[in-house]
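Peer 1: My structure is below; once you've seen it, I'll send some questions.
Each reported figure results from applying straightforward, stated rules to the coordinates on display, with no laboratory input. Worth saying up front: this structure is predicted, and the values here are computed from it rather than measured. Using ideal geometry, Cβ is built from the backbone for each residue, glycine included, and neighbour counts are taken over all protein chains shown.
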Amino acid sequence: MRLITQMAILPYMEKNSMQLFKEEFPELADRFDQLVEAQRKFEGLDQKTKQLINIAIQTANRNPRGVMFHAMMAKSAGATRKEVLGAVAMNLHLSGLAAVLESLPAAVEGYDKK
């Protein structure tokens, strides 16, 4: 029974969750995009630093998918592999080993994507 349930959920799990959010809640997704754009325009931190902070936050939230996407954006903003992985590792004493171990593969995958 459990396998059948997992198979029924699988197609939804493979779909990009942000795209699903935009399809199911277009107005809310649009407002969210506006919030993100406003945050990107904040002065005081460059884009690379903002993305490294996002990686650390996503690690603390135990969100590997978020870590992966922000790792790609951090690389595009000029972050090195050490900086990206360091943003994950900084959570060790705050969020624990499990959060770091869950997020590290996603950070590597995101950074290594072309």
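Peer 1: With a Förster radius of 25 Å, plug the Cβ-Cβ distance of Ala89 and Glu43 into 1/(1 + (r/R0)^6) and report the FRET value to the nearest 0.05. Numbers along the way, then the final one.
Peer 2: Details: r = 28 Å, r/R0 = 1.13.
For R0 = 25 Å, the calculated efficiency reads 0.35.
Peer 1: Between Leu101 and Asn61, what is the label-point separation in nm under the 7 Å Cα-to-beta-carbon projection?
Peer 2: My value for the distance between the label points is 2.4 nm.
Peer 1: Of the cross-linked pairs Lys82/Lys113; Lys50/Lys82; Lys41/Lys114; Lys41/Lys113; Lys15/Lys75; Lys41/Lys82, which ones have a Cα-Cα span greater than 20 Å in the structure shown? Before the final figure, lay out each step's value.
Peer 2: Values: Lys82/Lys113 15 Å; Lys50/Lys82 16 Å; Lys41/Lys114 26 Å; Lys41/Lys113 26 Å; Lys15/Lys75 24 Å; Lys41/Lys82 26 Å.
Too far apart for the 20 Å limit: Lys41/Lys114; Lys41/Lys113; Lys15/Lys75; Lys41/Lys82.
Peer 1: Given a Förster distance of 41 angstrom, what is the FRET efficiency for Glu27 paired with Arg81, based on the Cβ-Cβ distance and rounded to 0.05?
Peer 2: Details: r = 38 Å, r/R0 = 0.94.
Efficiency, rounded to the nearest 0.05: 0.60.
Peer 1: Under 15 Å from the Cβ of Gly78, count the other residues' Cβ atoms, weight Lys and Arg +1, Asp and Glu -1, and hand me the total. It would help to have the intermediate numbers written out before the result.
Peer 2: Numbers: positive: Lys48, Lys50, Lys75, Arg81, Lys82; negative: Asp46, Glu83.
In short, +3.
Peer 1: With a bin width of 10 angstrom, please list the P(r) values of region 45-112 as percents of all Cα-Cα pairs, from the 0 bin to the one holding the largest distance.
Peer 2: Histogram of Cα-Cα distances, whole percents per bin: 28, 60, 12.
Peer 1: Of the listed peptides 29-40, 47-58, 90-101, what is their order by residue-averaged count of other C-beta atoms within 10 Å, with the highest listed first? Mind dumping the intermediate values first?
Peer 2: Numbers: 29-40: 10.8, 47-58: 20.0, 90-101: 14.6.
Averaged packing, sorted descending, gives the order 47-58, 90-101, 29-40.
Peer 1: What is the sum of charges, Lys and Arg at +1 and Asp and Glu at -1, for the other residues whose Cβ falls under 13 Å from the Cβ of Phe25?
Peer 2: Within the 13 Å Cβ shell, the charges total -3.
Peer 1: Still on this structure: Stokes-Einstein at 20 °C, 1.002 mPa s, Kirkwood radius from Cα pairs: D for the chain in µm² s⁻¹? Could you put the intermediate results ahead of the total?
Peer 2: Numbers: Rh = 15.3 Å.
Estimated diffusion coefficient is 140 µm²/s.
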